[in-house]
Amino acid sequence: MHCSKANEIMEREKFSSKFGALMVIIGSAVGLGNIWRFPYMVGANGGAAFILLYILFAVIICLPVMLAEISIGRKSRTNAFGGMYRLSGEKKFWKGASLLYLVTPCLITFFYCVIGGMTIEFFFRSFGLNIPSGPWWTLLWTLLFLGCNAMIIMGGVKDGIERSSKIMMPMLFVIIVLMALRSITLPSSAEATTGALDGVKFLFRPDFSKITAQTAIAALGQAFFSLSLGSGVLMTYGSYVERHYNVRTISWQIVLSDMGFAIIAGIAVIPAVFALKADPAAVLSDNMDSALVFEILPEVFPMMPLGGVLQPLFFFALFLAALTSSISQFEVPVAAVMNDGKVSRKKASLILLAVFTVGCTICSLVPKTISIFDAIASNWLLPIGGVLAVIFIGWFYSKEEFRSELSSGDLYPTGNRLFGFVLLLIKYIAPLGVLAIFLSKIFLTR
């Protein structure tokens with residue numbers, strides 16, 4: 001009886017509309033990966049050359065992975081930990097392999113909440129408030145941000161995650177577009193030797209000599225990180241997507257929205273650095289992780305016309321981006337504990353809140369763990385998790401069932417050529433592409 005009740009909880013939760021589903025899933029993709037991570041990755045990896053690889057990987061490798069993950073979630077109607085296990089006829093291998101989808105979102109949440117906490121801190125600092133600093137204050141902001149996540153997750157899929165995303169995502173888009181427009185129209189400062197348009201050229205004029213194995217690794221990792229692939233998010237959210245929604249259309253909309261948003265975020269940040277700093281190339285290449293957003297930009301904003309208005313807007317946008325993404329990572333293990341632990345959403349949320357509090361505390365007090373967890377998740381666990389999904393769909397799952405899922409039954413028929421092409425990408429291109437990057441990484445580090 002208790003088991004049946006827990007399963008009912010999971011089964012009846014769903015998105016209330018296609019727009020809501022899109023805002024939630026796009027929100028999981030459009031986040032810190034776009035505003036915090038994308039500009040410094042572009043700056044450190046050759047500008048436009050990196051962006052071209054990022055777009056290529058997003059379409060050729062990541063889109064098939066996304067189709068596979070959402071299809072697994074919607075067809076199985078369960079959490080990421082149990083989706084492939086259920087569809088495989090309960091083969092234990094897939095249950096064991098799916099442990100990855102519990103570990104990865106936890107690692108991401110640990111460091112995400114530290115960055116999210118910093119967005120709150122810098123939002124208040126942007127008003128000129130004298131905010132104390134130090135590791136324990138960082139921990140306070142981190143736990144405050146984690147608490148915001150827990151409150152939304154406890155509200156449920158429709159009233160918590162979907163409702164908040166439908167408000168936050170349009171706000172985030174408007175703010176970042178305004179920032180981008182201001183960035184490209186900035187006059188050069190007295191110390192700058194370049195201008196905002198040089199920053200635009202850096203973003204859109206590729207230098208193919210910059211493409212290396214390291215650039216490819218970084219681009220693939222960024223694409224997986226940014227699109228929430230391989231962490232179980234899309235399987236979990238896929239289980240909340242109604243049968244009559246077109247999975248192919250939703251996946252394309254997510255990929256295009258994420259790429260567009262990342263490029264707009266790059267425009268909001270990088271031309272400003274070119275317009276206002278003496279050596280923008282050195283600034284961009286030497287400031288990895290959080291340095292560009294939390295150290296360099298606070299120096300840039302006071303030099304901007306209307307900088308006193310734009311700075312709080314930017315950090316508020318960064319807070320929204322962090323929150324829409326982190327609630328997605330939080331939801332993955334919560335959904336698993338609800339189903340497999342046979343508990344309510346509130347109890348599952350509190351259990352994970354305790355786990356995340358420990359992990360976030362470690363990341364907050366030992367900052368080096370942030371870059372370690374980021375590298376492990378982005379460069380290894382996320383691609384492996386995505387490849388597991390495409391290998392399952394391409395080699396171990398019924399082709400007829402997968403085609404039916406892509407077609408939403410018979411609502412959106414998938415033609416033979418289209419299905420054959422999608423299957424080719426899923427069976428061969430996506431896994432071989434990731435394998436090639438892994439091999440490059442192994443040989444590169446020797």
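A short reminder: the numbers here are calculations on the coordinates, not readings from a lab. Since we're looking at a predicted model, the values are computed, not measured. Ideal geometry is used to build each Cβ from the backbone, glycine not excepted, and the neighbour counts take in all protein chains shown.
Structure values in brief
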item	result
Unit charges at the beta carbon, dipole of the chain: most positive-side option, Val103, Gly43, Ala389	Ala389
Rg/Rg_globular for the chain, with Rg_globular taken as 2.2 N^0.38 Å and Rg from C-alpha atoms	0.95
Pairs of alpha carbons in segment 307-419 whose separation is greater than 21 Å (percent)	65 percent
Mean Kyte hydropathy of -1.0 or more with a Cα span along the axis of at least 24 Å, helices from DSSP in the chain	100-125, 135-154, 163-184, 247-276, 307-340, 345-365
Approximate shape of segment 70-224 as ellipsoid semi-axes (Cα gyration tensor, √5λ), whole Å, largest first	37, 26, 17
Longest segment of the chain lacking GluC sites (Glu not before Pro) that sit in a DSSP loop with at most 10 other Cβ atoms within 10 Å	192-446
Reachable lysines, given that their alpha-carbon falls under 25 Å from the alpha-carbon of Lys399 and they are not under 8 places away in the same chain	Lys75, Lys91, Lys92, Lys95, Lys427
Compactness relative to 2.2 N^0.38 Å, alpha carbon Rg of segment 140-262	1.41
Extent along principal axes [Cα atoms of segment 102-157; Å; largest to smallest]	38, 23, 15
Theoretical ellipticity at 222 nm over the chain - DSSP helices of four or more residues, -39500 (n - 2.57) apiece, nearest 500	-22000 deg cm²/dmol
Anchor Lys346: aspartates and glutamates whose Cα lies under 19 Å away (excluding residues fewer than 8 positions away in-chain)	Glu8, Glu11, Glu13, Asp159, Glu162, Glu331
Positive-end residue of Cys363, Phe301, Phe421, charge dipole of segment 297-446 with Cβ unit charges	Cys363
Segment 360-413 and segment 229-258: distance between their alpha carbon centers, rounded to Å	12 Å
Reach of Lys342 by Cα under 16 Å, taken over lysines that are not fewer than 8 positions away in the same chain	Lys5
Estimated distance in nm for a label pair at Glu401 and Ser209, the labels positioned 7 Å out from Cα along Cα-to-Cβ	5.3 nm
For segment 52-115 versus segment 162-198, the gap between their alpha-carbon centres in whole angstrom	32 Å
Cα-based Rg of segment 47-128 normalised by 2.2 N^0.38 Å, two decimals	1.57
